Amino acid sequence: MPKTRGQELIYGVLMTFFMVLAMELYNTARRAGELTYAAVPAALWEMRMMFPICFVMGFCLIDRLAPKIAARMARPGVDPPVLVTTVRACVTVAFMCPIMSAWAVLIFQRPGLNFLPAWLQTAACNFPMAFFWQVFFCGPLVRFLFRRLFPGARTA
């Protein structure tokens, strides 16, 4: 994992970029009823709003909380590294998905008094995608890229 504040920043930017890109493509396709190349410009347009929000929420809030909670479930140095990494990803998604779903509902749906049901539906639709994307694709990709950028930094 990142060893310096600068490395944390780069790791956070990479993770945020790939997560937000995938989730915006997913949500754009979900609203349109299909994923086509026409969804890409709309997803990129939404990404310009969601990226900074996601980065701030993750980097300043969840990245401080998730490791502490995850360490109670899987102990670094004791449990297998793959378990520690997977638990950390699961805890992060468990917090970030509802938070980002709330922001998306407020920004894109403007639900008024129907915020709670709109948020619950959005979070329920987003959670499976966010979970599987993070655990099986985004997390491994970002760790791979990070190891290439910083060969001395070890990622689990």
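Rule-based calculations on the coordinates, nothing more; no lab input. All values derive from a computational prediction rather than experimental measurement. Because the Cβ atoms are built from the backbone with ideal geometry, glycine has one as well, and the counts that use them run over all protein chains shown.
For the stretch 1-37, GluC sites (Glu not before Pro) are listed when DSSP marks them as loop and at most 16 other Cβ atoms sit within 10 Å of their Cβ; the list is GLU34. Its Kirkwood hydrodynamic radius, worked out from the mean inverse distance over all distinct Cα pairs, puts the stretch 5-149 at 15.9 Å. Each residue of the stretch 109-120 is assigned a 3J(HN,Hα), and the resulting list reads 9, 6, x, x, 5, 8, 4, 4, x, 5, 5, 4 Hz, derived from the Karplus form 6.51 cos²θ - 1.76 cosθ + 1.60 (θ = phi - 60°), x at Gly and Pro. Electrostatic tally near VAL78: other residues with Cβ closer than 15 Å to its Cβ, Lys and Arg +1, Asp and Glu -1, net +2. Taking trypsin sites (Lys or Arg not before Pro) in DSSP loop conformation with at most 14 other Cβ atoms inside 10 Å as exposed sites, the chain has its longest uninterrupted site-free stretch at 4-153.
Mean residue ellipticity at 222 nm from the helices of the chain, using -39,500 (n - 2.57) per DSSP H segment of n ≥ 4 over the full residue count, to the nearest 500 deg cm²/dmol?
Details: 6 runs with 112 residues, N = 156.
Rounded to the nearest 500, the figure is -24500 deg cm²/dmol.
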